[in-house]
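Colleague: A single structure is presented below for examination.
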Amino acid sequence: MVQVPAARTVPVGIDLRAVARLTFRGEVVINGADTSIRIGSPDQVGAVGSIRFFHAQCSFYTENAVLIYGKAVHTVQDVQIDRLGVTAAQTTGTAVVKLTGLLRDIRLGNVYYATDVAKDGYTANDAAIVVLVESNNQGDIFKVEVGGIFQATADKALVVRTNATTPQTANAIQGVSVEHIWAKYNGVAADIAMCAICYVGKCYGNGDVTIQTSANHITVEAGPGVRTLTNDSTNSVVNNFGRSSQGSGAPPAPAVAWPLGSVIHEPADGRAYLRIAKAGTASDFTGLAASRIGSATLDFP
């Protein structure tokens, strides 16, 4: 256990740099550090890998509860936190978990966040984001798996993006998956941008989901708790319903790699098309009449 009095400043509670094959088998508790757990860092001198926490509890952090940062050429890989419970950011606008830099195979189980009450000299604030996956110029991020995000007070549950100051391309983030999200009521469940290959499972809590134009190959199982879904990507699937924009009033272009049996929404003419062949011609797709599938199922943004 790490307990930092409110009157003192400790930058990092647990700082792991240039280390491999380290397991924390018991319950790890960190209270009051600026960053509770840091794995890798902008100034790391070697690779970090095979790190595992079975259960971590972090309270009254200032910057991040967990920061996983892979520096270029010194990647961070094979990190697993089975269960993470976090309460009370000491400053506003924070990300509870931030994943950035050159990363490979990061696995989080259930991530919980709630705002505590101010106590013992600590302040308590809502977080801005629970899980932030953010590429930067250090390298790409490949394979991030999250079991579930449970949060009552943070503004956004999941954000996938690139850093505005040191950006990377859309393909710099690949293989992000979150099984389910319990979002803040009337908050944001997921906001996905500058990413290729991302899966979001069912969402609850009347939250918003946004798939931005810079995101590609995104799949969302919206679930019963999505308030507003904004799907601006031309290659994404929501509730098994694809979205394409390939030409004025034409069926989705055969060059698009939709599997056989895919139902595609074509925003150019507002119709739905079923892929019945893969010959590489327009006849690969057949238009569906509204009476066959029900117009209510085609109410896409």
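Results for (1) at pLDDT 95 or above; (2) not charged (D, E, K, R), shown as yes or no for each residue.
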{"residue": "D15", "(1), (2)": "yes, no"}
{"residue": "I30", "(1), (2)": "yes, yes"}
{"residue": "T35", "(1), (2)": "yes, yes"}
{"residue": "V45", "(1), (2)": "no, yes"}
{"residue": "A95", "(1), (2)": "yes, yes"}
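Colleague: Which residue pairs have Cβ atoms closer than 7 Å, lie 6 or more positions apart in sequence or on different chains, and pair a first residue in segment 230-244 that is at positive phi with a second residue that is in a loop (DSSP other than H, G, I, E, B)?
Modeller: What qualifies is N239/E221; N239/A222.
Colleague: Of the numbered conditions (1) charged (D, E, K, R); (2) touching a residue at least 60 places away in the same chain (Cβ under 8 Å); (3) over 21 Å from D15 (Cβ atoms), K119 fails exactly one; give the number of that condition.
Modeller: (2)
Colleague: Now for a separate question. For segment 173-181, does any single residue satisfy the condition of being aliphatic (A, V, I, L, M), under 15 Å from the mean Cα position of the chain (by Cα) and assigned to a loop (DSSP other than H, G, I, E, B)?
Modeller: At the first step, the residues of segment 173-181 found to be aliphatic (A, V, I, L, M) are 173, 176, 178, 181.
From what's left, under 15 Å from the mean Cα position of the chain (by Cα): 173, 176, 178, 181.
Right, trim to assigned to a loop (DSSP other than H, G, I, E, B) and you get none.
Within segment 173-181, none of the residues are aliphatic (A, V, I, L, M), under 15 Å from the mean Cα position of the chain (by Cα) and assigned to a loop (DSSP other than H, G, I, E, B).
Colleague: A further question follows. Test of understanding: among T153, T91, which residue is of a type in the set (S, T, Y) and either within 25 Å of D43 (Cβ to Cβ) or in a strand (DSSP E or B) (or both)?
Modeller: T91
Colleague: Identify, please: which residue in segment 261-301 is open to solvent by 30 Å² or more (accessible area, probe 1.4 Å) and among the polar types (S, T, N, Q) and is, among those, modelled with the highest pLDDT?
Modeller: It comes out as T286.
Colleague: Let me ask you something else. Among the residues of segment 22-52, write down those that are among the polar types (S, T, N, Q) and open to solvent by less than 10 Å² (accessible area, probe 1.4 Å).
Modeller: Once the filter is applied, which keeps residues that are among the polar types (S, T, N, Q) and open to solvent by less than 10 Å² (accessible area, probe 1.4 Å), segment 22-52 yields T35, S36, S41, Q44.
Colleague: Moving to a separate point now. Please indicate, with yes or no, whether at least one residue in segment 110-122 is within 17 Å of L16 (Cβ to Cβ) and assigned to a strand (DSSP E or B).
Modeller: No: segment 110-122 contains no residue that is within 17 Å of L16 (Cβ to Cβ) and assigned to a strand (DSSP E or B).
Colleague: Moving to a separate point now. May I ask you to say which residue of A118, A172, A152 is modelled with pLDDT under 95 and open to solvent by less than 50 Å² (accessible area, probe 1.4 Å)?
Modeller: A172
Colleague: Follow-up question, since we're still on this one. Can you name every residue in segment 66-88 that is open to solvent by less than 10 Å² (accessible area, probe 1.4 Å), within 20 Å of the chain's Cα centre (by Cα) and farther than 15 Å from I106 by Cβ?
Modeller: V86
Colleague: Is it fair to say Y61 is closer than 27 Å to G187 by Cα and surrounded by fewer than 23 Cβ atoms within 10 Å (Cβ to Cβ)?
Modeller: Taking the combined requirement at face value, the residue does not satisfy it.
Colleague: Separate question: Checking the structure you have, find out if any residue of segment 180-203 is open to solvent by less than 30 Å² (accessible area, probe 1.4 Å) and hydroxyl-bearing (S, T, Y).
Modeller: No, that holds for no residue.
Colleague: Let me ask something else. Give the number of residues within segment 103-116 that are more than 16 Å from the chain's Cα centre (by Cα) and among the aliphatic types (A, V, I, L, M).
Modeller: Adding up the residues that qualify gives 1.
The values are calculated or read from the model by the stated rules, or taken from the named source; none is laboratory data. Note that this is a predicted model, so its numbers are computed, not measured. Because the Cβ atoms are built from the backbone with ideal geometry, glycine has one as well, and the counts that use them run over all protein chains shown. Side chains included, ligands, DNA and RNA excluded: accessible areas come from the protein's heavy atoms. Shrake-Rupley method; radii C 1.70, N 1.55, O 1.52, S 1.80 Å.
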